[in-house]
Amino acid sequence: MTTVPAPRGSRPQQPKNATTGASRAPDPRFDWRRIAYHALVSRALDDVEEATNRNRSTVPRDHVVLYQFSARGHDVPQVILGSLLDHPRDAASAYYRSRPLLLSLGLSIEDALASPLGRSGGFSDGRDIGVVCNLPNRDGPIVLPMSGDVGSQYTPCAGWAQAIGYHRDVLRDERWSGAIAVVLGGEGSVATNGFWSALTIATTLSLPMLFYIEDNGLGISVPGEMQTPGGDIARNLQSFGNLFVRDGDGTDPGQAAALLAECVGHVRAGNGPALVRLTVPRLCSHSGPDNQRGYRTDAEIARDLERDPLPRLRAHLVPAVLSHEEWAALEADAARDVDIGLRAARARPAPDPSIVARWVYADDSGDTPEALGGLSRAERAALGGTETAAADGEMIRFADAVRRTLRRELAVNPKCLVFGEDVGRKGGVHLVTEGLQKQFGAARVFDTSLSEEGIIGRAVGMAISGLMPVAEIQFRKYADPATEQLNNCGTLRWRTANQFAAPIVVRMPGGFGKDVGDPWHSLSDEVRFAHAYGWQVAIPSNAADAVGLLRAAMRSPNPTIFFEHRSLLMTSDGSARYPGDDYVVPFGKARVLRDGSDITLVTWSALVHRCLEAATRFGDRVEVIDLRTIAPWDRACVLGSVEKTGRCLIVHEDALTAGFGAEVAATVAQHAFWMLDAPVERLAVDDIPMPYHPILLDAVLPTVERIAERIETLLRA
Ligand SMILES: Cc1ncc(C[n+]2csc(CCOP(=O)(O)OP(=O)(O)O)c2C)c(N)n1
């Protein structure tokens, strides 16, 4: 093994367990010609982009990559890794310097350039920056849709890794045997929650997952010592349970190939997860706009240039595998192909602005190809469903309704999984999933580690693999750590221009308890999910709607937040007649619970029952509408009612300021202005967190008394 100078911010390049050296002959199991070609193509792509960017003033603006990241220096070991991903069900979860890997998995040069140039097609049809990549290879290894947040790539990859076992062992699909999931990340990314969450999932469940850490010693400018003590994550993880760890020099092709083959072999053989850290130089600035000046000296930059892995690859292969002429011919091929690809990419049209709003939600009309992820249209159609509630169903409680629906869907849909903290053995802290693990087994109904990011990220990876995950977040407030994964899940279809989708269902109890509240277990804040792109939000007020909406969610091509109000779970308020095993309630259809002539009350969830009680004091003057879903929401129903009554009061539990009531009020004010006899009003919690003591709780919540008072005032207006 050669000794190479260490860049600032990284440890010496003599890893303890690097077992091979540059002097070893090229391993004949590798297709070195292909590896060299992809490395050369990658380098030529970086050359083109960087040169164009340097000459911004002289090249046409639409030839410039507006946000450029280079893989220069990371390229050689990445294409070696890519050459080991040869199973049709392998998946890679990529990073913004992962283009070399994508090339080795089949990304065309034209797409590789069209995406950063913002042209139509490619990763996102011009919607996302060109390094935020994906590859929906239907017959080969796929690249999971990347997100821009560092660390967010890890837990969806763990989801894919867990799904491999599910497809193989539960669904008995042998095509998944021997598949693995590989995640790529820099040494900066090992400090993120996502890294640790995925590491916990992969090691506790012994998943077929490889963590590939490309350590270039720098985040943007922050040295690796700030990300993990001593700057070497592999050394620090040596004693981590159930993790095979390797550490080496990524600029040495012989060593990189040996270590990567060893790790991939370990994971593919079913021996559990592995982590390999390879040191690489960053032969470029962090990104186009970064000039490195504040944090890197010329000497350091020059030292890194000496560690360029491309000349080392050449030295490794010529003359052992390729003659000088053959290497030169490969260089010429790469240059020619990149030139052809560049012309083709530049000739592509700009993205079409008339369709920029498409695919925030699924276009289920059948006109568009199906995205990769979730149940197919045919599978969803086969599950069927009816909007007619069964007559004479017995009274059931809200919690029983959810359990019964999950049970039924688990029975009829083998791709359905239910999981979350304490969901398996205990049956959930609210006992909503009680008995399901016993009935369906721990592969389908299971406990997770205590990481909400892990729960949602894993669900996303599973959904992309074609499963129907139903994840539970123990309480609404504890969705906070999963915010990044939730937001990225919601935008996934749009930002991949309908190439990928992750229709998951996220159940979360929240809101005030029967006689008790607090800032942690009683948050509702449902408006956040209405504001998040791409999500459907169901917030039912009773057991029958819970059955219908949960089933609709589990057969939907879009992700859904399913809100279970704590005060409804076990009470008579939340109880209703069981509407049947196939009952579905379509999203965006409100229910008029009570007709009235002089005022419309718009409400949802637990406050529906308080509104109904208050309404009875005014004879037949108050119309009560239960929205049932707030994304989408039934504008037509509300506007039609207000046109009739001339007054509107919106009542909700979430904070007043920018609560969902503000959206309803603005819509009514705009579209029913000329019909109004009084100002549109809202009654909600006055921007105060939920308090604990019942007296305080009563002081903040809209009570029946307060609702009635407000109705009274409005009726007098
Ligand atoms: C959650 C999040 N925080 C911050 C950033 C901004 N950011 C982008 S890349 C980066 C450094 C990542 O370093 P590393 O993982 O070592 O990768 P490298 O760029 O060195 O390849 C930062 C801070 C981000 N994209 N996402």
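The values are calculated or read from the model by the stated rules, or taken from the named source; none is laboratory data. All values derive from a computational prediction rather than experimental measurement. All Cβ positions, even for glycine, are placed from backbone atoms using ideal geometry, and neighbour counts span all protein chains on display. Accessible surface areas use protein heavy atoms only, side chains included; no ligands, DNA or RNA. Shrake-Rupley method; radii C 1.70, N 1.55, O 1.52, S 1.80 Å.
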The chain accessible area per residue, 1.4 Å probe, protein heavy atoms, integer Å², reads 37
Shape call, region 589-706: gyration tensor on alpha carbons, a/c limit 1.5 | prolate
Which whole-angstrom value gives the distance between the alpha carbon centres of region 302-379 and region 158-182?
-> 27
Could you name the lysines in cross-link range of K438, using Cα to Cα under 26 Å and dropping any fewer than eight places away on the same chain?
-> K415, K426
Degrees between helix 704-716 axis and first principal axis of the chain (Cα, 0 to 90, nearest 10) = 70
For R621 and S572, what does the FRET efficiency come to when R0 = 35 Å and r is the distance between their Cβ atoms, rounded to the nearest 0.05?
-> 0.85
Mean separation of Cα contacts under 8 Å, 6 or more apart, over the residue count of the chain: relative contact order % | 12
For F563, the accessible surface traced by a 1.4 Å probe with all protein chains present amounts, in square angstrom to the nearest 10, to 0
What number, rounded to the nearest 500 deg cm²/dmol, is the helix-based mean residue ellipticity at 222 nm of the chain, given -39500 (n - 2.57) per DSSP H run of at least four residues and division by all its residues?
-> -10500 deg cm²/dmol
Find the centroid of the Cα atoms in region 46-107 and in region 501-560, then give the distance between the two in whole Å.
-> 39
Any number yet on Rg/Rh for the chain, C-alpha, Kirkwood?
-> 1.03
Which FRET efficiency value, to the nearest 0.05, is calculated for A390 and A335 with the Förster distance at 56 angstrom and r the Cβ-Cβ distance?
-> 0.20
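With a 1.4 Å probe and all protein chains kept in place, how do W674, W633, W520, W535 rank by accessible area, largest first?
W674, W520, W633, W535
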Starting from the residue with the highest accessible area, list W359, W604 in decreasing order, probe 1.4 Å.
-> W359, W604
Cα shape, region 215-271, gyration tensor, a/c 1.5 rule = oblate
Accessible area of D31, 1.4 Å probe, to the nearest 10 Å²?
-> 80
For region 73-204, just the Cα atoms, rotate onto the principal axes and tell me the three extents in Å, largest first.
-> 43, 34, 28
Stretched out fully, how many nm does the piece from R635 to R56 gain, at 0.36 nm a residue minus the Cα gap?
-> 203.6 nm
Model label zone, R34; criterion: amide N under 18 Å from point 7 Å along Cα-to-beta-carbon; scope region 84-116 = 84-92, 99-109
So, with points 7 Å from each Cα along the Cβ direction, the D367-E379 label distance in nm works out to 2.6
Within the chain, the percent of DSSP beta bridges that are antiparallel, given to the nearest 5, stands at 15
Over region 30-186, what percent of the accessible surface lies on carbon and sulfur atoms, probe 1.4 Å?
-> 47
How many percent of the accessible area of region 458-585 is carbon or sulfur, using a 1.4 Å probe?
-> 53
Carbon/sulfur accessible area of region 225-287, % of total, 1.4 Å probe, equals 52
Accessible surface, 1.4 Å probe, highest first, among residues I695, I504 = I695, I504
